[in-house]
Amino acid sequence: MARSQVDAPARRAILLFPLLVLAWRRWGIVPVLIVAVALDLAWRGSGALGGPAPLGSDLVVPARLDQFVAGMACAVAIRAGFTWSVRRGLVVFAIATLAALGTSTLDLGVFTGVAWAAAGSSPVLLLAGPLGRALGDTVLDRFGARSFSFYLLHQPVLLVGAPVVALLPGGTPVQLVVGGAIAFLVTVAAAELLYRGVELPSHHAGRRRSPVTVERPATPARVDARDDGRDDLPEPTPV
């Protein structure tokens with residue numbers, strides 16, 4: 001399956017992002033998320049009942065929009081001060097991941113999109129709390145800063161390296177392990193170069209061009225989850 005086919009829903013969802021922001025600002029993130037989930041279930045359910053193509057396909061926006069909106073919901077919740085404690089976050093993440101793996105393994109395609117949306121969102125809320133702050137001074141934090149460069153480069157590295165990896169003796173298991181390790185190290189090195197050569201200079205240029213100053217209030221006020229226009233939000237606290 002072509003990579004462009006897999007990435008197409010994400011690109012189309014990004015094009016819809018301005019409309020999603022308008023809908024969120026008008027009705028709040030919860031109704032937008034509910035509509036996105038309902039659309040996913042209806043789309044996949046219609047395909048499961050034998051509807052005409054492309055109903056049921058997971059390579060179109062209706063089947064993936066809830067995952068995109070779930071990311072928006074995480075951002076709104078975090079800015080409003082909502083995070084999870086480590087114990088609660090780990091429990092939710094484990095349950096969501098098992099549900100996602102179960103729906104995929106048992107071929108329960110109707111619920112696959114929703115399950116993976118939950119599995120992808122739960123660690124975001126987990127890492128926004130105490131666990132994320134504890135990992136802030138580790139190598140994971142530095143890797144996260146370079147994650148966008150890593151994302152941009154991992155597929156080209158895999159495509160270029162695949163013919164070479166295929167020549168390794170030992171069959172598929174060896175090729176997956178050794179080839180995967182080599183691809184990971186090459187991508188990390190290339191991502192470091194891209195981060196230092198492109199991302200950091202662009203960040204510095206943006207700060208010089210549009211400096212942002214934030215003045216924190218003496219007494220943090222209660223903030224509604226729909227109010228995402230403020231920059232003086234209190235530090236997230238675990239619940």
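At-a-glance table
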| item | result |
| --- | --- |
| Using a Förster distance of 30 Å, the FRET efficiency for Ile34-Leu90 (Cβ separation, nearest 0.05) | 0.70 |
| Mean Cβ neighbour count within 10 Å, used as a protection proxy, ranking 89-95, 65-71 highest first | 65-71, 89-95 |
| Additional length obtainable on full extension of the chain from His203 to Arg133, 0.36 nm per residue less Cα span | 23.0 nm |
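Read the figures in this text as sums done on the coordinates, not as results from a lab. Since the model is a prediction, treat every value here as computed from it, not as a measurement. With ideal geometry, Cβ positions are generated from the backbone for all residues, glycine too; neighbour counts draw on all protein chains shown.
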